[in-house]
Structures are given as C-alpha cells and as structure tokens.
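Beneath this line is the structure, given in structure tokens, with notes to follow.
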Amino acid sequence: DTAVSQTPKYLVTQMGNDKSIKCEQNLGHDTMYWYKQDSKKFLKIMFSYNNKELIINETVPNRFSPKSPDKAHLNLHINSLELGDSAVYFCASSQPPGTSAPYYNEQFFGPGTRLTVL
Amino acid sequence: QKEVEQNSGPLSVPEGAIASLNCTYSDRGSQSFFWYRQYSGKSPELIMFIYSNGDKEDGRFTAQLNKASQYVSLLIRDSQPSDSATYLCAAHNAGNMLTFGGGTRLMVKP
C-alpha cells in the first residue's frame with residue numbers, strides 16, 4: 001500500500017519537449033509538495049499546495065506548472081524542457097503546519113522521478 | 001537567503017563507532033530542525049527532529065541543537081553498515097516549508 005506514489009519512475013526525453021509527472025497520496029493529507037534534487041543532492045522546494053490551492057511557489061521558471069485536480073493529486077507539467085531540468089523530482093505530502101512546537105508535520109516523500117533531458 | 005550547510009563527506013567510520021554529523025543554518029527564525037536519511041536511489045525518510053536547545057535521544061540517535069551558535073548535529077552510536085546513507089539536515093521556516101542542506105554521505109565500514 002504505497003502512501004505517496006509517482007509516475008513515471010524514469011523519464012528520458014529530448015530538449016524542447018513537454019512532459020508531465022503525476023503524484024498521488026492516499027494518506028488523507030491536505031498539503032502536497034514538489035521538490036527538485038539536483039546531482040549535488042540539494043533538495044529544493046518548488047511548490048506547495050494546500051487543499052488544491054498554491055501556497056508556496058519558489059523561484060521556479062514558469063515552464064513548470066503544477067496542477068492539483070483534488071487534494072490527493074498534484075501533477076507537475078514541464079514545458080520546453082532544458083538540459084538543466086535533469087534531476088530527481090520528489091513529490092511529498094503532509095498535514096498543514098501545527099499551531100504548537102515543533103510547528104511542523106512530517107512530510108512523506110514519494111519514490112522520486114528521475115528526469116534526464118538529452 | 002536562508003541556507004543550511006553540511007559537509008558533503010564522505011564521512012567514514014568503522015562499524016561500532018560513533019558517527020557525528022554536523023549542520024549549520026543561517027536563518028535565526030528557523031524553529032525546528034530535522035534529520036532525514038536518504039539511501040542511494042531512494043526517497044528521504046525522517047529519522048529525528050529537534051526544536052529545543054540541548055540533546056534529544058532516540059535509540060542509537062542523538063540530535064543536538066544550539067540556537068545561539070546556529071548549529072545542529074546528529075550522533076549515531078554503534079554505527080552499523082546499514083546506516084551508510086546520505087543524511088540531510090533541514091530547517092523549518094514559514095508554513096511547513098523545509099530548507100535542506102546538501103547532505104553528508106556516511107560510510108560505515110564492517
């Protein structure tokens with residue numbers, strides 16, 4: 001019973017193409033995230049959605065467009081792929097932040113999608 | 001710019017030794033700190049969090065936080081080969097947002 005799932009696991013494509021990555025969580029969480037992990041292992045937040053609404057949008061090119069059809073799904077569409085987009089993309093989910101210490105609810109990560117742009 | 005910094009390693013320790021992983025952060029507004037373990041090709045998994053100054057112990061793991069020095073550490077006692085992984089330090093900022101360090105690769109040699 002996978003908690004956070006992503007498809008596809010691997011994605012190899014040419015520069016300039018458009019591709020999508022899908023994410024689904026069955027944990028009943030209200031908040032979902034997209035992270036990018038580059039070759040140096042830096043894991044960086046891209047987007048955060050709470051109940052289908054965007055709440056965090058870090059400095060990400062507008063070629064990246066998240067879509068949340070319902071609170072269990074958060075998909076990532078990427079237009080005009082570039083070489084620098086090659087990375088592992090992780091989806092995660094959690095409940096919203098708490099109102100008492102540690103003010104944070106654990107994020108559960110999906111297995112990741114390794115994107116290679118040629 | 002909010003930053004979390006870690007030595008990339010690799011940190012090599014013999015089996016049974018104590019592994020000490022360190023992390024510094026720049027944002028004094030950070031409230032809580034987290035250690036994630038990531039095996040090669042896998043997703044990060046939370047192993048500990050700490051939000052009060054001092055030590056927090058959980059089994060073989062001890063997290064230490066010094067907010068005055070903006071320093072977080074993770075000690076792993078009786079290190080096992082199965083502890084070999086990359087350890088990511090993260091700071092919690094606004095909302096439920098985490099800022100991650102680049103990770104320290106730990107190698108435990110039998």
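Residues in region B:3-52 that are part of a loop (DSSP other than H, G, I, E, B), touching a residue at least 60 places away in the same chain (Cβ under 8 Å), within 11 Å of another protein chain (Cβ to nearest Cβ) and at negative phi: B:3, B:6, B:8, B:30, B:31. Residue A:96 meets all of the listed conditions (1) over 12 Å from the mean Cα position of the chain (by Cα); (2) open to solvent by less than 50 Å² (accessible area, probe 1.4 Å); (3) over 19 Å from residue B:98 (Cβ atoms) but one, namely (3). Against the definition (open to solvent by 10 Å² or more (accessible area, probe 1.4 Å), in contact (Cβ under 8 Å) with a residue 12 or more places away in the chain, more than 12 Å from chain A (Cβ to nearest Cβ) and touching an Asp or Glu at 6+ places or on another chain (Cβ under 6 Å)), how does residue B:64 come out, yes or no? Yes, satisfied. For residue B:107, the requirement of being of a type in the set (A, V, I, L, M, F, W, C), over 11 Å from the mean Cα position of the chain (by Cα), crowded, with 19+ Cβ neighbours inside 10 Å and over 15 Å from residue B:5 (Cβ atoms) is not met. Scanning region A:1-21 for residues that are more than 11 Å from chain B (Cβ to nearest Cβ) and surrounded by 16 or more Cβ atoms within 10 Å (Cβ to Cβ) yields A:11, A:13, A:19, A:21. With respect to the conditions (1) part of a loop (DSSP other than H, G, I, E, B); (2) modelled with pLDDT of 90 or more, residue A:93 lacks only one, and its number is (1).
The values are calculated or read from the model by the stated rules, or taken from the named source; none is laboratory data. All figures in this text were calculated on a predicted structure; none of them were measured in a lab. Note that each Cβ is placed from the backbone with ideal geometry, even for glycine, and that neighbours are counted across all protein chains shown. All accessible areas refer to the heavy atoms of the entire protein, side chains included, with ligands and DNA or RNA removed. Shrake-Rupley method; radii C 1.70, N 1.55, O 1.52, S 1.80 Å.
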